[in-house]
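S.K.: Starting off with a structure, shown below.
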Amino acid sequence: MDTFLNYLTEQIASGKAEIARLEADGCRDDADFAKVRTNIYEVCKTVTNALINHPGAGPKAVKDRFEGFQASWGGALENARKHGDARNVVVEETKLQALADVMAHFPEAAK
Amino acid sequence: MTQGDALKIFKSLSDTSRLRIVQSLTKGEMYTELLAERLGLTPSTVSFHMKKLEDAGIAISRKEQYYTVYSLNRRLLEASLFDIAAADPEQVDEQQRREAEYRQKVIDTFFEYGKLKAIPVQRKKKLICYEVIAENFVPGKVYGEKALNDIIAPIHEDYCTIRRDMISEGILSRNGSEYVRIK
């Protein structure tokens with residue numbers, strides 16, 4: 001689990017560097033989307049830290065929470081697409097891509 | 001062209017990704033996926049930027065089978081910067097402009113895709129939301145209670161509270177089980 005948490009920490013750090021680069025390049029909207037992506041890694045790290053050692057919780061609770069996010073954001077993406085909301089389509093897609101990456105790195109043994 | 005239009009043009013161009021899109025389009029028409037590939041962006045990000053460019057009148061889109069093909073609005077881009085910068089300021093009262101801005105902010109906060117996310121606690125905000133809901137009723141037309149509920153329920157589940165509040169706020173009038181929008 002430490003390797004997973006270190007991975008999330010690395011993604012947060014590289015995300016922050018990407019935000020700074022995009023802002024310096026004048027890509028303000030893309031920087032906002034990078035903030036969304038980085039925030040997902042931060043949320044996942046917080047959730048993991050909170051649940052992993054919590055009595056009665058543990059790795060399965062973390063995985064369940066991630067799957068809950070996936071269902072909820074998947075619904076939000078569908079809704080945004082249905083209403084032609086270009087900004088929220090990108091936001092929800094970004095969140096789901098980051099979450100898929102997090103889930104792919106979630107330790108196999110803990111699943 | 002108004003100053004508002006000019007502001008939209010400048011705002012939409014003050015982003016490197018959008019400038020790169022415009023630069024690519026100077027070479028000819030392109031569809032979303034091709035632009036995405038060339039610029040290293042996702043197709044949905046390109047669509048988002050294209051919407052901003054279209055809203056500002058800089059780009060034009062047309063459907064071609066499954067693709068959306070974009071091109072530049074040459075007429076606008078060939079206008080001189082002098083002409084755009086010289087756009088007339090809109091004759092809008094400052095107080096009116098602030099009120100319209102506040103109203104839009106409340107609507108954006110409380111509504112999502114036509115649904116009321118929560119009934120505001122503050123009366124001023126609540127009135128704005130109810131006025132938006134009232135736009136679903138034809139002024140002067142008589143609605144039965146069921147017809148009224150059928151219109152409000154898809155907007156917010158607590159249609160009873162909304163119906164009662166709209167009467168007490170003078171947006172709807174009630175006569176027995178008949179309701180009429182009065183403002």
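FYI, it's all coordinate maths here, none of it is from the lab. Quick caveat, the model's predicted, so the values are computed rather than measured. Positions of Cβ are generated from backbone atoms using ideal geometry, with glycine treated the same way; all protein chains shown enter the neighbour counts.
S.K.: Would you mind ranking B:Val138, A:Val36 so that the residue whose beta carbon has the fewest other beta carbons within 10 Å leads the list?
M.R.: Ordered by Cβ neighbours within 10 Å, fewest first: B:Val138, A:Val36.
S.K.: Next question. Using 7 Å Cα-to-Cβ label points, what is the B:Asp83/A:Asp101 separation (nm, one decimal)?
M.R.: Between B:Asp83 and A:Asp101, the label points sit 4.5 nm apart.
S.K.: On a 0 to 90° scale, report how tilted helix A:28-52 is relative to the longest principal axis of chain A, with both axes built from alpha carbons and the result rounded to the nearest 10.
M.R.: That helix lies at roughly 10 degrees to the long axis.
S.K.: Another question, if that's okay. Which helices count as membrane-span-like in chain B under these terms: full DSSP H, at least 20 Å along the axis by C-alpha, Kyte-Doolittle mean of -1.0 or more?
M.R.: none
S.K.: Once amide H atoms are placed 1.01 Å from N in the peptide plane, what residues at a sequence separation of 5 or more from B:Leu116, or on another chain, have their amide H within under 5 Å of its amide H?
M.R.: Those lying under 5 Å, H to H, from B:Leu116 are B:His156.
S.K.: Over what distance in Å are the Cα centres of region A:3-42 and region B:1-54 separated?
M.R.: 23 Å
S.K.: Given H placed 1.01 Å from N in the peptide plane, which residues other than close sequence neighbours of B:Leu172 have an amide H under 5 Å from its amide H?
M.R.: B:Ile167, B:Ile182
S.K.: Rounding to the nearest 10 and keeping the result within 0 to 90°, find how far the Cα-based axis of helix A:59-82 lies from the longest principal axis of chain A.
M.R.: The two axes meet at around 20 degrees.
S.K.: Place a +1 charge on the Cβ of each Lys and Arg in region A:2-110 and a -1 charge on the Cβ of each Asp and Glu, then give the dipole magnitude about the Cα centre in debye, rounded to the nearest 20.
M.R.: 240 debye
S.K.: Put +1 on the Cβ of every Lys and Arg and -1 on every Asp and Glu Cβ in region B:116-181; which of B:His156, B:Gly140, B:Ile167 then has its Cα farthest towards the positive end of the dipole?
M.R.: Farthest towards the positive end: B:Ile167.
S.K.: Which is the longest run of chain B containing none of the chymotrypsin sites (Phe, Trp or Tyr not before Pro) found in DSSP loop states (not H, G, I, E, B) with at most 13 other C-beta atoms within 10 Å?
M.R.: So the longest stretch without any such site is B:114-183.
S.K.: Rounded, prolate or oblate, given the Cα gyration tensor of the protein assembly as shown, with a/c below 1.5 counting as rounded?
M.R.: Oblate, since a/c reaches 1.5 and b/c is not below a/b.
S.K.: With the crude spin-label approximation of a point 7 Å out along Cα→Cβ, what separation in nm comes out for A:Asp64 versus B:Ala153?
M.R.: 3.4 nm
S.K.: Let me ask something additional. Taking GluC sites (Glu not before Pro) as candidate sites, keep only those in a DSSP loop with at most 13 other Cβ atoms within 10 Å, then name the longest stretch of chain B containing none of them.
M.R.: Within chain B, the longest run free of exposed GluC sites (Glu not before Pro) spans B:1-77.
S.K.: 222 nm [θ] for chain B, helices only, -39500 (n - 2.57) per DSSP H run of 4+, per residue, to 500?
M.R.: Value at 222 nm, helices only: -15500 deg cm²/dmol.
S.K.: Which far-off residues, 5 or more places away or on another chain, put their amide H under 5 Å from the one on A:Phe106, with H placed in the peptide plane?
M.R.: Long-range HN contacts for A:Phe106: none found.
S.K.: Further question on the same structure: Convert each backbone phi in region A:92-101 into a coupling constant with the Karplus relation 6.51 cos²θ - 1.76 cosθ + 1.60 (shift: θ = phi - 60°), then list the ³J(HN,Hα) values in order as whole Hz, x for Gly and Pro.
M.R.: Once θ is set to phi - 60°, the couplings for region A:92-101 become 5, 5, 4, 4, 5, 5, 5, 5, 4, 5 Hz.
S.K.: Sorting B:Met30, B:Met1 on the 10 Å Cβ count, fewest up front, what's the list?
M.R.: Least crowded to most crowded, the residues run B:Met1, B:Met30.
S.K.: Fewest Cβ neighbours within 10 Å first, please rank B:His156, A:His105 accordingly.
M.R.: A:His105, B:His156
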